[in-house]
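*Asks:* Following this message is one structure expressed as structure tokens.
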Amino acid sequence: MKSDAITFLFRKICGAVFLIALLSQCSEDEQMLATEKSISDSITATADASPTAVASCETCTYIVPSNTYRIDGAALGLKPGAVVCLKAGNQYKTILFVNFVGTASNPITIMNCGGRVTVDGAGKSFGIKTENSKYFRITGGSDATYGIFIKNANLGITLDKLSTNFEVDHVEVANVGFAGIMAKTDPSCDNATIRGNFTMRDISLHDNYIHETGGEGFYVGNSFYMNGVKLSCGTRFPHAIEGVKIYNNKVKNSGWEGIQLGSATVGAEVYNNSIENYGTKNVANQRNGLQLGEGTGGLCYNNFVKAGPGNGIVLLGLGDNVIHDNIIVNAGSHGIFCDERYSPGPGFKFVNNTIINPKQDGIRIYADLVPMNVIINNIIVNPGSYGSYKSPRTGDDAYVYKLSKNVKLQMSNNHFTRDINAVKFINASGSNYRLTSASPVLNKGKDVNTYNIATDFYKQSRVKGSAVDIGASEY
């Protein structure tokens, strides 16, 4: 019996050693498949993640009392560097912050203390609003926390009336009638509000969680940059935005666009955002995933856009836009729709995007006024309109549809297919769009050094082989 027990134990140990050896030989693809998190969770933490630290109220310059409506920074004598706190356990309905003026190096901070704070704006036009304020930050913490939670108002946060040079981060907004976060001063008959007299500068909106909104998740900048708006005092043109970054945000179940940015003429970047189930109200022209509107230039990259009745990305920008390394899945219309608006620049560049199962075309481009558009290194899979075009058009127009021969286009090194299995993603049904070693797009891309693209959607270095891979992921 003793000998049998020793033999049994020996076999168990050998078996374990063999299993370890076997697992150590698993391919990189198999290991990624086993460990890959969902895309939305990898971009920003979930709302119920446990906070790593709770800010103490002892650090606050001023604590907003329960049910206080208006906080005037000038009346309180707030200096640059002041910390104004919303205290856990206090009751807040709607809060207006006015005259909060810090400096670039020493902004005024509005934050929660003592735990997570709820602003319940039921029946109110907004949860939090700022006016006549600059160099300030609204923050709900860091890492995996959303220390400020705003719900039930018409607007979650609105940064209004000449607010500029601000940052909003780690805030959750849910169940609002219109926009989750709005940032703009609409032109009025007050000359202080119009283009040339006011410019919104250096704003940063990041690491927020916006969901269940009646309108846009993010509504940043005015939508009518080109023609302005007609008022009793005449046509008034909205202000420009110079230096805006919208990144690491998660938007789910937005009634209208997930993210809409307009009038951002200089230094705009929209990146690392996750937008899912957009346009739930299915309102015509308001049901797209991500919209870069009139007067908007700059960069749009590493965004994940999935499932909605409209286009994945709509681009009506200045024509200096570079759109790269985005993943767009199950768009209800086109994967990307592009047309120029207002003083078009050198042309739109679409580089290394992955577009899967759009209901209509992969990329539809109407931009015929710019000197040259570029479409390179993109994967487009199974456009729904493939079988609908008649001569002189063909099914191939469903991958990239040009308005007419007047659209000037350089197009090369793309991979078009109707069969998603042919691309050999690791696990497309599980939202893992990395490539396997058998993928036909490896080392088939065109050089992207001109566009200063250093990493792919998954933040891995580009050009690991002999050439760039096609699509948003580098093997």
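The values are calculated or read from the model by the stated rules, or taken from the named source; none is laboratory data. What you see is a predicted model; the values in this text were computed from it and never measured. Don't worry about glycine lacking a Cβ; one is built from the backbone with ideal geometry, like all the others, and counts go over all protein chains shown.
*Asks:* Would you confirm whether any residue within region 435-458 is in a loop (DSSP other than H, G, I, E, B), touching an Asp or Glu at 6+ places or on another chain (Cβ under 7 Å) and among the acidic types (Asp, Glu)?
*Replies:* Yes, region 435-458 contains a residue that is in a loop (DSSP other than H, G, I, E, B), touching an Asp or Glu at 6+ places or on another chain (Cβ under 7 Å) and among the acidic types (Asp, Glu).
*Asks:* Would you confirm whether any residue within region 109-121 is in a strand (DSSP E or B), at pLDDT 95 or above, of a type in the set (D, E, K, R) and crowded, with 18+ Cβ neighbours inside 10 Å? Explain how you work it out, then say what you get.
*Replies:* Let us first name the residues in region 109-121 that are in a strand (DSSP E or B), namely 109-113, 117-120.
If we keep only those that are at pLDDT 95 or above as well, we get 109-113, 117-120.
Then drop every residue that is not of a type in the set (D, E, K, R), which leaves 120.
Narrowing the set further to residues that are crowded, with 18+ Cβ neighbours inside 10 Å leaves none.
Within region 109-121, none of the residues are in a strand (DSSP E or B), at pLDDT 95 or above, of a type in the set (D, E, K, R) and crowded, with 18+ Cβ neighbours inside 10 Å.
*Asks:* Look through region 147-188, keep the residues that are of a type in the set (S, T, N, Q) and crowded, with 20+ Cβ neighbours inside 10 Å, and return whichever of them is nearest to SER133 (Cα to Cα).
*Replies:* If we filter region 147-188 for residues that are of a type in the set (S, T, N, Q), which is where we start, we get 152, 154, 158, 163-165, 175, 185, 188.
Narrowing further to those that are crowded, with 20+ Cβ neighbours inside 10 Å: 158, 163-165, 185.
Numbers: THR158: 12, SER163: 5, THR164: 7, ASN165: 8, THR185: 12 Å.
This residue is SER163.
*Asks:* Consider PHE100 carefully, then state whether it is aromatic (Phe, Trp, Tyr) and within 29 Å of PHE237 (Cα to Cα).
*Replies:* Yes.
*Asks:* Can you name every residue in region 383-402 that is outside any loop (DSSP other than H, G, I, E, B) and in contact with a Pro (Cβ under 8 Å, 6 or more places away or on another chain)? Even if it seems obvious, please write down each step before you answer.
*Replies:* First pass over region 383-402, keeping only residues outside any loop (DSSP other than H, G, I, E, B): 395-398, 400-402.
Within region 383-402, just ALA398 meets the criteria.
*Asks:* Here is a further query. It is to be established whether one or more residues within region 260-275 are charged (D, E, K, R), modelled with pLDDT of 95 or more and within 21 Å of SER473 (Cα to Cα).
*Replies:* Looking for residues that are charged (D, E, K, R), modelled with pLDDT of 95 or more and within 21 Å of SER473 (Cα to Cα), one finds at least one in region 260-275, hence yes.
*Asks:* Let me ask you something else. Being small (Gly, Ala, Ser) and more than 22 Å from ALA264 (Cα to Cα) narrows it down to one of SER125, SER133, so name that one.
*Replies:* Of SER125, SER133, the one residue that is small (Gly, Ala, Ser) and more than 22 Å from ALA264 (Cα to Cα) is SER125.
*Asks:* State which residue pairs qualify: first residue farther than 28 Å from ALA122 by Cβ and without any contact (Cβ under 8 Å) to a residue 60 or more places away in the chain and inside region 84-111, second residue among the hydroxyl-bearing types (Ser, Thr, Tyr) and buried (at least 16 other Cβ atoms within 10 Å of the Cβ) in any location, beta carbons under 6 Å apart, and separation of 6 or more residues or different chains.
*Replies:* From residues that are farther than 28 Å from ALA122 by Cβ and without any contact (Cβ under 8 Å) to a residue 60 or more places away in the chain, the pairs are GLY102/TYR135; THR103/TYR135.
*Asks:* Conditions: (1) among the acidic types (Asp, Glu); (2) within 21 Å of the chain's Cα centre (by Cα); (3) assigned to a loop (DSSP other than H, G, I, E, B). ASP186 meets all but one. Number of the miss?
*Replies:* (2)
*Asks:* Among the residues of region 269-280, is any outside any loop (DSSP other than H, G, I, E, B) and among the small types (Gly, Ala, Ser)?
*Replies:* yes
*Asks:* I'm checking my understanding of the structure. Among residues of region 398-429 that are over 13 Å from ILE379 (Cα atoms) and among the charged types (D, E, K, R), which one is surrounded by the most Cβ atoms within 10 Å (Cβ to Cβ)?
*Replies:* So the residue we want is LYS402.
*Asks:* Count, please, the residues in region 285-303 that happen to be in a loop (DSSP other than H, G, I, E, B) and touching a Leu at 6+ places or on another chain (Cβ under 7 Å).
*Replies:* Here the count works out to 6.
*Asks:* The conditions are (1) at pLDDT 50 or above; (2) surrounded by 13 or more Cβ atoms within 10 Å (Cβ to Cβ), and GLU30 fails exactly one of them. Which is it?
*Replies:* Failing condition for GLU30: (1).
*Asks:* While we're on this one: Pairs under 9 Å by beta carbon, first residue more than 20 Å from ILE275 (Cβ to Cβ) in region 180-192, partner assigned to a helix (DSSP H, G or I) and at pLDDT 95 or above, six or more apart or different chains?
*Replies:* Filtered contacts from region 180-192: THR185/ALA192; THR185/THR193; ASP186/THR193; PRO187/THR193.
*Asks:* Does PHE304 satisfy the condition of being among the aromatic types (Phe, Trp, Tyr), closer than 22 Å to GLY445 by Cα and under 18 Å from the mean Cα position of the chain (by Cα)? Steps first, please.
*Replies:* On the way: among the aromatic types (Phe, Trp, Tyr): yes; closer than 22 Å to GLY445 by Cα: yes; under 18 Å from the mean Cα position of the chain (by Cα): yes.
Taking the combined requirement at face value, the residue satisfies it.
*Asks:* Could you list, in sequence order, the residues of region 240-255 that are more than 17 Å from LEU315 (Cβ to Cβ) and surrounded by 24 or more Cβ atoms within 10 Å (Cβ to Cβ)?
*Replies:* Result: ASN249, LYS250, VAL251, SER254.
Matching residues to (1) within 23 Å of GLU216 (Cα to Cα); (2) among the polar types (S, T, N, Q):
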| site | (1), (2) |
| --- | --- |
| ASN302 | yes, yes |
| GLY317 | yes, no |
| CYS338 | yes, no |
| ASN352 | no, yes |
| LYS359 | yes, no |
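*Asks:* Scanning region 195-208 for residues that are in contact with a Ser or Thr (Cβ under 9 Å, 6 or more places away or on another chain) and surrounded by fewer than 20 Cβ atoms within 10 Å (Cβ to Cβ), which turns out nearest to PHE237 (Cα to Cα)? Quick ask: steps written out before the conclusion?
*Replies:* Taking region 195-208 and keeping what is in contact with a Ser or Thr (Cβ under 9 Å, 6 or more places away or on another chain), we get 195, 198-203, 206-208.
Next, only the ones that are surrounded by fewer than 20 Cβ atoms within 10 Å (Cβ to Cβ) stay: 195, 198-199, 201-202, 206.
Details: ARG195: 6, PHE198: 11, THR199: 12, ARG201: 17, ASP202: 20, HIS206: 28 Å.
Taking the candidates together, the pick is ARG195.
*Asks:* Can ILE336 be described as more than 21 Å from ALA264 (Cα to Cα), buried (at least 24 other Cβ atoms within 10 Å of the Cβ) and not polar (S, T, N, Q)? Explain how you work it out, then say what you get.
*Replies:* Details: more than 21 Å from ALA264 (Cα to Cα): no; buried (at least 24 other Cβ atoms within 10 Å of the Cβ): yes; not polar (S, T, N, Q): yes.
The answer is no for ILE336.
*Asks:* Need pairs with beta-carbon distance below 9 Å; first residue over 15 Å from THR130 (Cβ atoms) and within region 58-78, second surrounded by 11 or more Cβ atoms within 10 Å (Cβ to Cβ) and among the charged types (D, E, K, R); sequence gap 6+ or separate chains.
*Replies:* CYS60/LYS87; THR61/LYS79; ILE63/LYS87; PRO65/LYS87; SER66/LYS87; ASN67/LYS93
*Asks:* Report whether or not ILE63 is more than 22 Å from LYS151 (Cβ to Cβ), at pLDDT 95 or above, touching a helix residue (DSSP H, G or I) at 6+ places or on another chain (Cβ under 9 Å) and not small (Gly, Ala, Ser). Talk me through it step by step, then tell me what you get.
*Replies:* On the way: more than 22 Å from LYS151 (Cβ to Cβ): no; at pLDDT 95 or above: yes; touching a helix residue (DSSP H, G or I) at 6+ places or on another chain (Cβ under 9 Å): yes; not small (Gly, Ala, Ser): yes.
No: the conditions fail for ILE63.
*Asks:* Return yes or no: is PHE166 in contact with a Lys or Arg (Cβ under 8 Å, 6 or more places away or on another chain) and part of a strand (DSSP E or B)?
*Replies:* yes
*Asks:* Is it fair to say ASN272 is touching a helix residue (DSSP H, G or I) at 6+ places or on another chain (Cβ under 6 Å) and more than 21 Å from PHE136 (Cα to Cα)?
*Replies:* On the way: touching a helix residue (DSSP H, G or I) at 6+ places or on another chain (Cβ under 6 Å): yes; more than 21 Å from PHE136 (Cα to Cα): yes.
Spelling it out, ASN272 is indeed touching a helix residue (DSSP H, G or I) at 6+ places or on another chain (Cβ under 6 Å) and more than 21 Å from PHE136 (Cα to Cα).
*Asks:* Continuing with the same structure: Under 6 Å by Cβ, and 6 or more places apart or on different chains, what pairs join a residue from region 231-256 that is acidic (Asp, Glu) and in a strand (DSSP E or B) with one that is at pLDDT 95 or above and surrounded by fewer than 19 Cβ atoms within 10 Å (Cβ to Cβ)?
*Replies:* Close Cβ pairs satisfying both conditions: GLU242/THR199; GLU242/ARG201; GLU242/VAL266; GLU242/GLY267.
*Asks:* Please work out which residue is surrounded by the most Cβ atoms within 10 Å (Cβ to Cβ), limiting yourself to region 430-475 and to residues that are of a type in the set (Gly, Ala, Ser) and more than 24 Å from the chain's Cα centre (by Cα).
*Replies:* Among those that are of a type in the set (Gly, Ala, Ser) and more than 24 Å from the chain's Cα centre (by Cα), it is GLY445.
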